[in-house]
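Note sheet for the following structure.
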Amino acid sequence: MKFELQYTDPKSNARAGLITTDHGQIETPIFMPVGTLGTVKGVHLHELKNDIKAQIILGNTYHLYLRPGLDIIEGAGGLHKFNGFDRPMLTDSGGFQVFSLSGIRKLREEGVEFRSHIDGSKHLFTPERVMDIERTIGADIMMAFDECAPGTSDYNYAKKSMELTHRWLDRCCARFNETEPKYGYNQSLFPIVQGCVYPDLRRQSAEYIASKNADGNAIGGLAVGEPTEKMYEMIEVVNEILPKDKPRYLMGVGTPVNILEGIERGVDMFDCVMPTRNGRNGMLFTKDGIMNMRNKKWENDYSPIEADGASYVDTMYSRAYLRHLFHAQELLAMQIASIHNLAFYLWLVGEARKHIIAGDFSTWKPAMVKRLSTRL
Ligand code: GUN
């Protein structure tokens, strides 16, 4: 994998870059739609590629390992062959999902023992095992196995957890370096900075992560219950240390405003379930703010969903019709909302990139943040 830093904003830490993988290029800053089970929920590949223009999507090690299981994915020749998405993919390591989803967990030096949220069966994830699983899934970017401590953790817990994540990282790197990709294209390993809301821990973690000289680096443990301002402060602390010539990925973030604030602070990659999950509940993100499509307000509003929206669904369907579909619990409602929101997120990061390149990001961004913060 290669990263080329193309433009840097003179007035902030925003950057535009280009990642090159064996499955194609990614223009940064970028948003990665979440495809937990190898599918972006409710969205066909055709729309994902041609309408939303996803350049990279994310899959989850925890989910894919439990279902359909590694034999099935390996039998297909890896996840790209299995789901038909021939562009870059990234897999999260399970370091977050094991803690948020699975039943009874035992956290030990060796790894995490957990029970499947599907059938209660017992499993053990160790750094070595997770590297082997991510090799088998075959994403272009594999995330290191970490512990994502809650945003409300006290200093002592945050420190212990960060140190464990660092020891696990050593083991991830060792296993990664002694194994080969299975399907003939390269894979990169991204380590993850932890340290909760404590600046000295974040600095220590960023230095440790940077010392690994990986192809890219991630910031984890944010948007997990801490105040938003703390999150922004931690991004600043960490990005002062993470190398400038490698992509920086802020995990699990966030709202459109969070993404612009992240870009301004030097983040290049984002992922979040918000556009799809909130979309399925009737929440639409637009340039002029948030719309709740279940609201009575839209009952007889026959205007387009978003007249100058980024997706064909925006002018194909009216607000009144989409509200009707949500009220009738029609599947199409969720599909339209997911396509709209993802196309909007990809449009937003694409616009940010254009303005970084044009040199006026610092005037465009605050005006956009103001527009996005409205409730329609
Ligand atoms: N997704 C959101 N936050 C995190 C994190 O801290 N670690 C991992 N592995 N995934 C995440």
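The values are calculated or read from the model by the stated rules, or taken from the named source; none is laboratory data. Quick caveat: nothing in here was measured; it's all calculated off a predicted structure. Cβ atoms come from the backbone with ideal geometry, glycine included; neighbour counts cover every protein chain shown.
Hey, among the residues in region 68-107 that are at pLDDT below 95 and over 18 Å from the mean Cα position of the chain (by Cα), which one's nearest to Pro33 (Cα to Cα)?
Ser102
Among the residues of region 4-28, what is the count of those that are farther than 28 Å from Gly138 by Cβ and of a type in the set (Val, Ile, Thr)?
Adding up the residues that qualify gives 1.
Could you look through region 117-140, keep only residues that are of a type in the set (Val, Ile, Thr) and away from the ligand (no atom under 12 Å from the Cβ), and pick out the one that is surrounded by the fewest Cβ atoms within 10 Å (Cβ to Cβ)?
Only one residue tops the list, namely Ile118.
Can you spot a residue in region 232-250 that is away from the ligand (no atom under 15 Å from the Cβ), crowded, with 17+ Cβ neighbours inside 10 Å, basic (Lys, Arg) and over 18 Å from Met143 (Cα atoms)?
Within region 232-250 (the criterion being away from the ligand (no atom under 15 Å from the Cβ), crowded, with 17+ Cβ neighbours inside 10 Å, basic (Lys, Arg) and over 18 Å from Met143 (Cα atoms)), the answer is no, since none of the residues qualifies.
Residue by residue through region 207-231, note down the ones that are away from the ligand (no atom under 15 Å from the Cβ), surrounded by 15 or more Cβ atoms within 10 Å (Cβ to Cβ) and of a type in the set (Gly, Ala, Ser).
Result: Ala210, single match.
Name the strands (runs of 3 or more DSSP E) wholly inside region 1-115 in which the number of residues that are within 24 Å of Gly220 (Cβ to Cβ) and charged (D, E, K, R) is 2 or more. Walk me through it before giving the result.
Details: elements: 2-8, 15-21, 24-28, 30-32, 57-60, 89-92, 112-115.
Filter on region 1-115 gives 112-115.
For a quick check of your reading of the model, give me the residue pairs whose first member lies in region 81-93 and is touching a residue at least 40 places away in the same chain (Cβ under 8 Å), whose second is of a type in the set (Phe, Trp, Tyr), with beta-carbon atoms closer than 7 Å and at least 6 apart or on different chains.
These pairs meet every condition: Ser93/Phe145.
Please work out which one of (1) more than 23 Å from the chain's Cα centre (by Cα); (2) within 16 Å of the ligand (Cβ to nearest atom); (3) of a type in the set (D, E, K, R) is the condition Arg277 fails and give its number.
(1)
If we scan region 61-68, do we find a residue that is within 16 Å of the ligand (Cβ to nearest atom), within 24 Å of Tyr249 (Cα to Cα) and touching a His at 6+ places or on another chain (Cβ under 7 Å)?
Looking through region 61-68, none of the residues is within 16 Å of the ligand (Cβ to nearest atom), within 24 Å of Tyr249 (Cα to Cα) and touching a His at 6+ places or on another chain (Cβ under 7 Å).
Do we have Ala149 as modelled with pLDDT under 95 and either more than 18 Å from Val267 (Cβ to Cβ) or crowded, with 18+ Cβ neighbours inside 10 Å (or both) here?
yes
Can you find, within region 158-195, the residue that is surrounded by the fewest Cβ atoms within 10 Å (Cβ to Cβ) among those that are closer than 24 Å to Gly252 by Cβ and among the polar types (S, T, N, Q)?
So the residue we want is Ser188.
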